[in-house]
């Protein structure tokens, strides 16, 4: 059985307070705010718009709350989109900075822009007809780590990083390694693979102090590094 995924607007209407949803749908023709000037008594349209917004605002708050709590899980494509772009699960903590656009099912914030967002109930992503829907290592990684296609913007457990040059390539390599049984990679191998003449991984990332690059990269043993998924 296929997992049921919906746009942001469809998900709000399907998985939030149904009595409030039904009442707001009756007023949906009035959802466009027409630049009220506040002079004289409010028009019938303005009164209906206010009634609609009084219903809509708590629905949006409920919906975002469910995304933050991981009750609902969203995925999308990070901008800029490239031929190798793929749909990625959105870290629930990112909804603290992302602002959803329900009209086109996109979101912006924290230096990220995500389009073509689809939402599912977390329980439907866990299993499909009793069979695991995704590799557990892949799922665990997706829950805490998010990257733009070129790895210039990454987020790990809510910590946002803007990367450049060799840094992007190294995080890509560590991300790929995190999906394997051998997530630790030697610093020497990383530097040689990306063609850097730097002396250490720390030298390449030392400018990242707030948040610290050590929030992004762990050193489990001397000379080896991994994506810091466990914190």
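The values are calculated or read from the model by the stated rules, or taken from the named source; none is laboratory data. Just so it is clear, the model here is predicted, and its values are computed rather than measured. Every residue, glycine among them, receives a Cβ derived from its backbone with ideal geometry; neighbour counts consider all protein chains shown.
Each residue in the stretch 76-105 was checked for being touching a residue at least 60 places away in the same chain (Cβ under 8 Å) and either in contact with a strand residue (DSSP E or B) (Cβ under 8 Å, 6 or more places away or on another chain) or part of a helix (DSSP H, G or I) (or both), and 12 of them qualify.
The condition of being modelled with pLDDT under 90, more than 19 Å from residue 159 (Cα to Cα) and surrounded by 18 or more Cβ atoms within 10 Å (Cβ to Cβ) does not hold for residue 55. The single residue among 78, 107, 74 that is at pLDDT 95 or above and either loosely packed, with under 13 Cβ neighbours inside 10 Å or under 11 Å from the mean Cα position of the chain (by Cα) (or both) turns out to be 107.
Residues that are over 15 Å from residue 154 (Cβ atoms) and touching a residue at least 24 places away in the same chain (Cβ under 8 Å) within the stretch 198-224 comprise 198, 201, 220, 221, 223, 224, listed in sequence order.
If you go through the stretch 179-205, how many residues are modelled with pLDDT under 85 and either closer than 26 Å to residue 110 by Cα or crowded, with 19+ Cβ neighbours inside 10 Å (or both)? Within the stretch 179-205, residues that are modelled with pLDDT under 85 and either closer than 26 Å to residue 110 by Cα or crowded, with 19+ Cβ neighbours inside 10 Å (or both) number 1. Residue 60 meets the conditions (1) surrounded by fewer than 18 Cβ atoms within 10 Å (Cβ to Cβ); (2) touching a residue at least 40 places away in the same chain (Cβ under 8 Å); (3) within 30 Å of residue 151 (Cβ to Cβ) in every case but one. The failed one is (3).
If we scan the stretch 39-48, do we find a residue that is exposed (fewer than 14 other Cβ atoms within 10 Å of the Cβ), at positive phi, touching a strand residue (DSSP E or B) at 6+ places or on another chain (Cβ under 6 Å) and not in a helix (DSSP H, G or I)? Checked against the condition, which is being exposed (fewer than 14 other Cβ atoms within 10 Å of the Cβ), at positive phi, touching a strand residue (DSSP E or B) at 6+ places or on another chain (Cβ under 6 Å) and not in a helix (DSSP H, G or I), the stretch 39-48 yields no hits at all. Could you tell me whether the stretch 146-167 includes any residue that is touching a strand residue (DSSP E or B) at 6+ places or on another chain (Cβ under 9 Å), free of Cβ contacts under 8 Å to residues at least 40 places away in the same chain and either assigned to a strand (DSSP E or B) or under 23 Å from residue 108 (Cα atoms) (or both)? Within the stretch 146-167 (the criterion being touching a strand residue (DSSP E or B) at 6+ places or on another chain (Cβ under 9 Å), free of Cβ contacts under 8 Å to residues at least 40 places away in the same chain and either assigned to a strand (DSSP E or B) or under 23 Å from residue 108 (Cα atoms) (or both)), the answer is yes, since at least one residue qualifies.
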